[in-house]
1. Per the Kirkwood formula on distinct C-alpha pairs, the Rh of segment 111-246 is how many angstrom?
2. Cα axis of helix 213-225 to longest principal axis of the chain: angle in degrees, 0 to 90, nearest 10?
3. Positive end of the charge dipole of the chain (Lys, Arg +1 and Asp, Glu -1 on Cβ, about the Cα centre): tell me which of H19, V162, G290 has its Cα farthest that way.
4. Can you tell me which lysines have their Cα less than 21 Å from the Cα of K390? Leave out same-chain residues fewer than eight positions away.
5. Whole-Å semi-axes of segment 115-181's equivalent ellipsoid, largest first, each the root of 5 times a Cα gyration tensor eigenvalue?
6. At a 1.4 Å probe radius, which order do F312, F42 fall into by accessible area, largest first?
7. Solvent-accessible area of Y295, probe 1.4 Å, all protein chains present, reported in Å² to the nearest ten, please.
8. Let me check the size of the chain from its C-alpha atoms; what are the radius of gyration and Dmax in Å?
Amino acid sequence: MAHTVQESPAKIPGPLTLHGLSVEGVNQCVHCGLCLASCPTFSELGTEMDSPRGRIFLIKSLAEGRIALTDSVADHLSLCLDCRACETVCPAGVPYGGLIEAAKAEMEHRRPGSPARRLFRWLNFGLLLGHPRLLGLAAAGLRLYQTCGLQFLVRSSGIVRVLPRTLRAWESLLPPLPSRAERAPLPRLVTAEGPRRARVALLTGCVQAVVFGAHNRATARVLAKNGCDVVVPEGQGCCGALNAHGGDHARALALARRTIDAFEAARAEAVIVNTSGCGAHMKAYGRLLGADPAYAERARRFAASVVDLAEFLARAPLRGPLSPVPLTVTYHDPCHVVHGQKLRGEPRRLLAQIPGLRIVELTESDWCCGSAGIYNLTQPEMATRLLQRKVSHVLATGADAVVTANPGCILQIQAGLAAQRSAMRVLHLVELLDRAYGAPPR
Ligand code: SF4
Ligand code: SF4
């Protein structure tokens with residue numbers, strides 16, 4: 001891929017921003033290159049402009065008005081997974097996640113793309129993610145599409161091959177939609193078993209609620225077993241993470257405000273999140289809404305109360321009794337758990353407490369699987385390369401199942417294993433914990 005950059009005559013003085021968002025963090029980069037070996041796209045392509053250091057140079061140059069937002073610049077920035085592996089290893093503390101989100105927001109504003117692309121984004125970001133009822137209806141329609149044989153017809157007839165690239169990728173990644181019972185909302189309150197430890201509020205999410213409602217139910221059960229009253233606040237929906245990662249900044253702000261409103265009313269000691277991208281994003285609400293006088297302080301308070309499920313449970317030994325789960329598993333670290341929230345030991349410590357479970361380490365366990373929000377739809381070629389790399393490491397473990405903690409990773413790795421005709425299962429961490437508490441295997 002070429003990476004020429006055009007000089008722009010205008011140089012804009014003042015604080016460095018893109019789309020009104022600060023990118024001052026670019027000045028923390030000391031160009032040491034320690035991040036390069038951890039960057040999946042640099043590892044695959046070997047080009048400086050597809051490395052964190054190269055992208056930081058592009059973001060700084062754009063903000064200073066020294067280069068134009070050419071196709072080439074947009075391509076290098078769009079290829080970034082926002083996996084934040086570079087943040088984990090950076091000795092200078094460059095806040096890379098915020099920089100790339102600002103760059104993506106700028107690109108969406110200045111290069112919105114074709115009418116078809118804008119319609120696709122509006123349908124997803126504007127209509128479905130923002131309106132849980134419509135998302136529920138869409139899930140019901142997709143379930144019908146899958147169960148009435150239409151999906152089989154579309155796939156076997158080859159119609160799918162004439163669809164636009166993004167729609168083709170979307171169709172191929174469509175997970176089996178669960179039954180209506182599994183998509184039904186959770187009860188507003190699940191009461192603690194045994195001595196009460198805390199009152200927590202659970203994020204049930206958007207896609208998570210309609211595709212992986214079973215994980216939300218398992219989460220409520222496991223928390224209750226560990227002494228938590230679990231409140232499921234009304235009026236919640238998408239937290240805005242997918243919008244923010246996709247450069248849809250305005251809607252990300254609106255969804256963050258709605259989430260805060262819904263959860264404040266629950267008066268819980270902690271907000272528990274079982275999806276990694278949402279947890280990392282909600283912990284950043286303080287920065288996101290820092291310039292909003294009505295929400296800045298509330299957003300900081302709210303962000304401080306957000307806790308990943310594994311992070312919360314690992315604060316104390318799991319309450320017994322736990323039944324044996326006789327499986328060999330390996331663990332894939334979702335980027336926004338291990339890099340976005342710096343949680344590496346917590347999920348492993350929980351798995352280690354399950355009797356009968358054998359854990360084998362995964363090579364490059366903290367490398368992105370290529371899912372990365374909607375990256376596998378927008379950048380299917382790189383996503384497939386990274387998925388194949390991930391799946392080859394997963395298969396080499398010989399495990400019965402790969403465990404992770406994010407719906408996007410689950411769907412992506414499932415698709416990769418299916419392509420290899422492997423029967424290995426992909427499980428959410430909470431499914432195993434739930435099994436250890438007596439739930440039947442699914
Ligand atoms: S490790 Fe940090 S300081 Fe060094 S080049 Fe990468 S982003 Fe810059
Ligand atoms: S976020 Fe991931 S893909 Fe993007 S520059 Fe950093 S390490 Fe590379």
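The values are calculated or read from the model by the stated rules, or taken from the named source; none is laboratory data. None of these values were measured; they are calculated from a predicted model. Neighbour counts run over all protein chains shown; Cβ positions are idealised from the backbone, glycine included. We work out accessible area using only protein heavy atoms, side chains counted, and drop any ligands, DNA or RNA first. Shrake-Rupley method; radii C 1.70, N 1.55, O 1.52, S 1.80 Å.
1. 17.0 Å
2. So the helix axis and the longest Cα principal axis differ by about 60 degrees.
3. The one lying farthest along the dipole's positive direction is V162.
4. K342
5. 21, 19, 8
6. Most to least solvent-accessible, the answer reads F42, F312.
7. Counting only protein heavy atoms, Y295 exposes about 30 Å² to solvent.
8. Over the chain's Cα set, Rg and Dmax evaluate to 21.5, 69 Å.
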